[in-house]
Every structure is written in C-alpha cells, then in structure tokens.
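The values are calculated or read from the model by the stated rules, or taken from the named source; none is laboratory data. Quick caveat: nothing in here was measured; it's all calculated off a predicted structure. Neighbour counts run over all protein chains shown; Cβ positions are idealised from the backbone, glycine included. These area figures cover heavy atoms from the full protein model, side chains too; ligands, DNA and RNA do not enter into them. Shrake-Rupley method; radii C 1.70, N 1.55, O 1.52, S 1.80 Å.
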Amino acid sequence: MSDFTGKTAIITGAAGGIGRATALLLARRGARLVLADVQEGVEETAALARAEGTEASALVTDCATDAGVEAIVGHAVSGFGGIDVLFANAGVTGGLLPRLDTPSADFMEVLRINLLGPWIAIRTALPHMQRGGAIVCTASVAGLRAGAGPIPYSASKAGVANLVQTTAMALSGTGIRVNGVAPGLIDTPMTAALFDDARARGKEDRIGQLNPLRRGGRAEEIAEAVAFLASEAASYVNGQVLAVDGALSAQLPFTPKWSL
Ligand SMILES: NC(=O)c1ccc[n+]([C@@H]2O[C@H](COP(=O)([O-])OP(=O)(O)OC[C@H]3O[C@@H](n4cnc5c(N)ncnc54)[C@H](O)[C@@H]3O)[C@@H](O)[C@H]2O)c1
C-alpha cells in the first residue's frame with residue numbers, strides 16, 4: 001500500500017466526487033492536504049480529512065486562473081514547505097448533450113477549466129515540487145475515443161492526455177513524474193442526474209450495459225488509481241494515461257453472439 005506520511009498533496013476539484021474520495025484516501029495514508037474547489041463543499045472535505053487525523057486546509061477559488069492557483073500553491077509552500085503531489089482534477093462537462101452549435105465562448109470555457117487549469121497548476125506548482133514528486137491529471141475515456149462525452153469536453157480531455165505526455169518529457173531529468181487517470185462513467189455529482197434518474201426508474205443496470213463489468217464506477221475506485229500513480233509504487237510509471245473504466249475504452253461497439 002502506498003504511504004504518504006510526511007508528504008504534501010494539492011487536490012483541485014475536491015468538493016466532492018473523485019477529488020473528495022482521493023483526498024480522504026490520501027489522508028488515511030498520511031498526506032497533508034491543500035484542497036481547492038469553486039464550491040464551498042471543499043471545506044467539508046477538509047473537515048472529513050482532518051477527522052482521519054491529518055492536516056488539511058481548504059480554499060474556495062477558481063483553479064483555472066493564475067491568481068487562484070498561486071493562492072493554492074502559496075498556501076502549500078508557506079504551510080507545509082513544498083509540494084510532493086499535485087492532483088489536477090477540477091473539471092466541468094459544459095453540458096452532457098451532444099451539440100453541433102456550441103458557441104465559441106462556451107467551448108473556450110470548458111477548455112479553460114479542463115485543460116488550461118491543469119497547465120496553470122503544473123506550471124505554478126513545479127518550482128516548489130520536491131524531487132521524486134508526482135503530478136496526476138484527470139483526463140477521461142471521452143478524451144481517448146469518441147462516444148463518451150460532448151465535443152468540447154472530449155477535446156479538452158484529449159488535450160489533458162497529451163499534456164501529461166509532453167509535460168513528462170519536458171521534465172526529463174527532474175525526477176518528477178506526470179501521469180493521467182482516465183475514468184469511465186463514474187457515479188459522482190457530475191453524473192448524478194444520470195445515475196439518480198436511472199435509480200429512480202429502477203434501471204441502474206442499464207448504465208453498465210456497454211461495460212464488460214456491467215456497472216458504472218465509484219469515485220473510490222478512481223482514487224485508488226490516483227494514489228498508485230502519485231506514490232512510490234509507481235516510481236517507473238511516467239507519461240501514461242491509465243484508463244480506469246472497466247474496459248469501456250478497450251472495446252469496439254460490437255455485441256458478439258458468444259457474449260455471456
Ligand atoms: N464522473 C465521471 O463519470 C467522470 C468521467 C471521466 C472524467 N471525469 C473527470 O473527473 C474529474 C472530477 O469530476 P467528478 O466526476 O468527481 O465530478 P464533480 O463534479 O464532483 O467534481 C468536479 C469538481 O470540480 C470543481 N470545479 C469545476 N470548475 C472548477 C474551477 N474552475 N475551479 C475549481 N474547481 C472547479 C467542481 O466544483 C467539482 O467539485 C473531472 O475532471 C471530470 O471531468 C469524471
């Protein structure tokens with residue numbers, strides 16, 4: 001099991017979902033946390049993390065602006081003396097419906113939060129990261145293949161996947177690793193409307209019908225992958241985007257007759 005005792009981790013998008021699940025997992029494994037989100041729920045996440053016996057602070061701020069990220073990084077540096085783990089996770093869908101008429105401003109806002117945000121976080125945190133530090137960004141299966149998200153969202157997450165690769169290469173010789181996690185369909189506040197509607201209609205099993213594991217995923221399952229990538233256990237894993245999706249992205253849309 002990965003141990004984060006004495007390490008400091010920044011997590012963006014930590015008010016709920018994958019960010020909160022990761023915060024609580026790293027807290028249980030000893031990490032000191034600086035958590036950030038535009039939503040005040042991040043303060044509750046910090047309180048839950050402190051209840052696990054670690055130090056955790058919360059900042060309610062926009063994680064896709066220079067000023068917001070400078071405040072987060074400044075907090076980690078002044079409070080804990082540096083950064084060991086950066087989990088750039090904040091994101092928005094920009095609307096789940098497929099549209100061919102998305103206005104430019106709406107498209108750019110999704111890119112700003114989902115792609116520029118992680119870049120600002122990496123750029124700002126890097127000078128304060130310890131050798132052996134780890135960066136993890138949240139991509140998505142929607143950024144690996146078509147069919148899992150709307151156009152601006154999918155394009156932004158494809159950008160995140162490349163950001164991980166090119167940044168890992170740019171950091172050659174620094175000892176800092178950069179990886180991404182690409183969740184499949186996960187039950188979080190982002191997808192609550194979908195999961196809640198399916199549950200209300202007694203059709204939750206339909207959510208996983210195209211997935212070899214026949215179910216959606218849980219935030220805690222993504223957190224485990226993030227913790228691995230951020231830990232010493234992944235010391236030779238660099239520049240990779242790990243799909244954690246029950247094999248959703250491994251298959252073509254085809255229903256074989258021999259299917260069980
Ligand atoms: N839930 C899924 O099925 C799924 C699948 C693939 C990828 N993801 C990605 O996982 C990440 C976490 O999403 P989640 O599923 O936990 O949903 P979520 O909505 O609970 O988490 C996203 C968080 O990001 C925050 N956020 C949005 N814009 C922000 C900004 N500008 N500054 C700071 N915080 C901001 C939100 O307030 C929210 O708390 C996102 O990047 C999302 O795109 C989710």
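One table, with the values for the structure above:
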item	result
Computed E for Glu224/Glu40 - FRET, C-beta separation, R0 35 angstrom, nearest 0.05	0.85
Angle in degrees between helix 17-28 and the longest Cα principal axis of the chain, rounded to the nearest 10	40
Protein accessible area in the stretch 8-243, 1.4 Å probe - carbon and sulfur %	55
The stretch 78-148 - convex hull of the alpha-carbon atoms, volume per residue in Å³	106
When the stretch 8-243 is reduced to its Cα atoms, the Kirkwood hydrodynamic radius in Å	17.8
Extension gain from Leu96 to Ala51, taking 0.36 nm per residue of separation minus the Cα-Cα distance	12.7 nm
Charge dipole magnitude, Cβ of K and R +1, D and E -1 - the chain, Cα centre, debye nearest 20	740
Mean separation of Cα contacts under 8 Å (6+ apart) over length of the chain, as relative contact order %	19
Nitroxide proxy distance, nm - points 7 Å out along Cα→Cβ at Lys203 and Glu109	2.9
Cα lying deepest toward the dipole's positive end in the chain, options Ile72, Pro253, Ala198, charges on Cβ	Pro253
Rounded Å value of the spacing that divides the Cα centres of the stretch 113-137 and the stretch 1-64	16
Under DSSP loop assignment and at most 16 Cβ neighbours within 10 Å, longest chymotrypsin sites (Phe, Trp or Tyr not before Pro)-free interval of the chain	1-235
Computed label-point distance, nm, for sites Leu252 and Thr5 using a 7 Å Cα→Cβ extension	5.1
